[in-house]
């Protein structure tokens, strides 16, 4: 059993992982899990519509600080959660939009 260093409760293995959330309304978000509980998932994320509409050869990396937001997604609105973008991984899937940089580093949350 994994233990949290702060409060002695179990640490969620999904916290800190990159995920893609697919909502029932066909919207998708890419981000890093900050918290998960019985009601839903909290992500530090961007809407994937930004990447889908990015012009060829353009990178979103310079704008990330302006568009990253912490959002809560209730499970009742989620169709499914893609963890890690397997089999190829999110770094490969979205390398064109992030200039080939490692996504986990770009989605670090600064408090």
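Rule-based calculations on the coordinates, nothing more; no lab input. Owing to the predicted nature of the structure, the values given are computational and were not obtained by experimental measurement. Cβ coordinates were reconstructed from backbone atoms using ideal geometry, including for glycine residues, and neighbour counts include every protein chain displayed.
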Report summary line: For Rg and Dmax of the Cα atoms in Å the list reads (1) 13.9, 44; (2) 14.4, 53; (3) 14.5, 48; the calculated value is entry (3)
Query - In nm, spacing of pseudo-spin labels at residue 52 and residue 69 (7 Å Cα→C-beta vector) - result: 1.7 nm
Report summary line: For the pair residue 38 and residue 14, the simple spin-label estimate (label points 7 Å beyond Cα toward Cβ) gives in nm 1.5 nm
Query raised in the report: Listed highest first by mean packing, meaning other Cβ atoms within 10 Å per residue, what order do 11-18, 81-88, 51-58 come in?
Result: 11-18, 81-88, 51-58
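Okay, helix-only estimate at 222 nm for the chain: each DSSP H run of n ≥ 4 adds -39500 (n - 2.57), divide by all residues, round to 500 deg cm²/dmol; what do you get?
Working: 4 runs with 16 residues, N = 111.
Result for the chain, helices only: -2000 deg cm²/dmol.
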Report task. Return the single residue from 90, 29, 73 with maximal mean-square fluctuation; model: Gaussian network over the chain, springs between Cα atoms under 10 Å. Result -> 73
**Report entry** Residue of 68, 23, 93 that the Gaussian network model of the chain assigns the largest fluctuation, springs spanning Cα pairs under 10 Å
**Finding:** 93
